[in-house]
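The values are calculated or read from the model by the stated rules, or taken from the named source; none is laboratory data. Quantities reported herein were computed from a predicted structural model and do not represent experimental measurements. We place every Cβ from the backbone using ideal geometry, glycine too, and count neighbours over all the protein chains shown.
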Amino acid sequence: MALIETNNLWKTYDMGKVQVHALRGISIKIDKGDYIAVMGPSGSGKSTLMNLIGCLDTPTQGEYHLNGKRVSQMHDDELAEIRNREIGFVFQTFNLMPRSTALHNVELPLIYGGRNREERLQMARHALEVVNLGERVMHKPSELSGGQRQRVAIARAMVNKPSLLLADEPTGNIDTKTGDEIMGLFAELHNNGNTIILVTHEMDIARNADRILFIRDGQIEKEEIVRRAS
Amino acid sequence: MIYWDIFRMALNALWANRLRSGLTLLGVIIGVTSVITIISAIEGFMGSVQAEINKLGPTTFLVVRVGGIITSEDAFFEMIKRKPFEVEYAEAIEDACEDCEKIAMQAYGFSPEVKYRDKKLSNVYIRGAGASMIDIVDYEVEHGRFYSYEEDYGGRRVAFVGTTIQKQLFPNIDPIGKTIKINNLKYDIIGIAKEQGATFGHDADKIIFIPFNTFAKDFGTPRRNLTIFVKARSIDVLDKAMDQTRVVLRAYRHVPYDKEDDFSLLTADSIMEQFNNITRFMRFGLIGITSISLIVGGIIIMNIMMVSVTERTREIGIRKSIGARQKDILFQFLFESFILSVGGGLIGISLGVLLGDLLINLINMDMTPSLLAILLGIGISSGIGIFFGIYPAMKAARLQPVKALSYE
């Protein structure tokens, strides 16, 4: 069974007099363990698609099944629980809590997941060790480099062992060398069986994925297979 | 427990904005302090009044020409037209009232000058009272004795004085047996009253009791301000004693059967009730006016929370993206306003109790911290936190994650 299955997904924004169709009937299927890149120019609808897949927003029309659950009809709090358990986000701007330590940032999803303190701290420390930040758990984002911040964000995304890692331009705000490190980390996560969806506009970055989806005008323009999933 | 964690997040957020939180807290503190101060002071004041009135004793009542509950202006003018009291009423009550134990007639005045040799005191409260008065009022004999029925009957110039007279006129001598001059008439001191202490800035020991008949002879009978003090045999027969007294007075004053009494009977309870009535508007008015500052405190909280929600829109978006539900966000912001208001409330209560105490001490009254005021303070401040915090918190909770995340 596919991890992600969308069927004729539409997203329409009502801008008063005109209706803007950000997505025009997207149907995709992503299996567990896939590593997919989504590419497209700005305004193509790739961000809207990511928001729908990430359960941050709901489609105007169409159906979306994640891990067998029909999430397209869920309301706010159910979606919040799905985001908490099934999805880990990595953003271009890191989106860490600026005043909290790395440890607390990583612990946060577990707090909302209702886990107890001991378990939380243990899991958060472990996640930070996985991204090689075991020495910097008590540092605040302002005391870390861009690459380190993004690794904290990845630790936060992965700490709850989600079914899906969603990364939106994860290397957009860091230099190429550090970007390569981050991509290396993604490859490792993929090798460990995690499903990753990566949004980018850089071909070099997209080539790290197994498959690239090209989006234009709210539709899938073409699909390119970089390598066969092993 | 997730709510404990959310509570800690709220505390951290407040701590991160220390100055702003402090100023908001100050707004609540000012509001709660003023309300608690006023309530404490009023409660203390009313308590002292009650204590003062209770000195009359539960079995004693007063018969007065003008007094009691005045319901209208007309009733008041009707009242001051009442006939003056006559001296023989006391005797009449004594004869006819079976359940009255002690009866004493009283007239009073303020003496412009009381002298002993070269020492002088002015404005001394002179009570011309029957010999039973010592058994009716709260004053007790410390040294010497109160005057007798014979001394009253004979109009003897004897005086029973309060401790202020003793302290001011006889600093180092025993005043008993000495002669003082009240308005240039000589009186022999025969006894000293136990100290009463001052209440409401009024010195209850700056007083001289002289026999009623002596007072009548020396100062004239001010018939318009005669008061009859009556002590019933027990609390059970108080009503009967009052009824019997009423019958006597109605007969003596020729009140037709279909007319109301043209005199008033006052007990400690009725005096207190009257005092309550008179001061009710003032008390509620004061509390009402000071409550405005509480509302201002609440508005400050709401304002700050609105700013805070807008400022932290992105933070809310991040929290939502990693799984915070609406109520998680709601409670975080509600906890923040709650901590501010209850924190301000607790500090305000402490300050208010202290200030109330200070105010009350200024007019020489005792005050115990009012439990009512404290509970009210906690209740009101937490209510304010929730009431003024709920709207900003709901606004935060309902933010759309996508919009919140892209907020600059």
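If residue B:11 satisfies all but one of (1) modelled with pLDDT of 90 or more; (2) buried (at least 20 other Cβ atoms within 10 Å of the Cβ), what's the number of the condition it fails?
The number of the failed condition is (2).
Yes or no: residue A:53 away from every other protein chain (no Cβ under 14 Å) and closer than 20 Å to residue A:169 by Cβ?
no
Would you confirm whether any residue within the range B:357-378 is assigned to a loop (DSSP other than H, G, I, E, B), assigned by TED's automatic domain parsing to the domain that holds residue B:7, over 29 Å from the mean Cα position of the chain (by Cα) and crowded, with 19+ Cβ neighbours inside 10 Å?
no
On the given criteria, is residue B:167 surrounded by fewer than 15 Cβ atoms within 10 Å (Cβ to Cβ), of a type outside the set (S, T, N, Q), touching a strand residue (DSSP E or B) at 6+ places or on another chain (Cβ under 7 Å) and farther than 30 Å from residue B:86 by Cβ?
So residue B:167 does not fit the description; no.
Name, by its number, the condition in (1) in contact (Cβ under 8 Å) with a residue 40 or more places away in the chain; (2) assigned to a loop (DSSP other than H, G, I, E, B); (3) surrounded by fewer than 16 Cβ atoms within 10 Å (Cβ to Cβ) that does not hold for residue A:134.
Just one mismatch for residue A:134, condition (1).
Consider residue A:51 carefully, then state whether it is within 19 Å of the chain's Cα centre (by Cα) and free of Cβ contacts under 8 Å to residues at least 12 places away in the same chain.
Yes.
Among the residues of the range A:84-98, is there at least one that is of a type in the set (Gly, Ala, Ser), within 13 Å of chain B (Cβ to nearest Cβ) and not in a helix (DSSP H, G or I)?
yes
Kindly indicate which of B:115, B:120, B:83 is under 19 Å from residue B:266 (Cα atoms), of a type in the set (Lys, Arg) and surrounded by fewer than 21 Cβ atoms within 10 Å (Cβ to Cβ).
B:83
Tell me which residues, restricted to the range B:18-52, are crowded, with 19+ Cβ neighbours inside 10 Å and either without any contact (Cβ under 8 Å) to a residue 60 or more places away in the chain or not aliphatic (A, V, I, L, M) (or both).
Across the range B:18-52, the qualifying residues are B:21, B:24, B:27, B:31, B:33, B:34, B:37, B:40, B:43, B:44, B:45, B:52.
If we only count helices (runs of 4 or more DSSP H) wholly inside the range B:228-324, which ones have 1 or more residues that are away from chain A (no Cβ under 14 Å)?
Because the criterion is at least 1 residues that are away from chain A (no Cβ under 14 Å), the helices (runs of 4 or more DSSP H) in the range B:228-324 that meet it are B:238-252, B:268-311.
Restricting to the range A:142-167, count the residues that are outside any loop (DSSP other than H, G, I, E, B), within 14 Å of chain B (Cβ to nearest Cβ) and more than 15 Å from residue A:98 (Cβ to Cβ).
8
Is at least one residue of the range B:355-368 β-branched (Val, Ile, Thr) and modelled with pLDDT of 85 or more?
no
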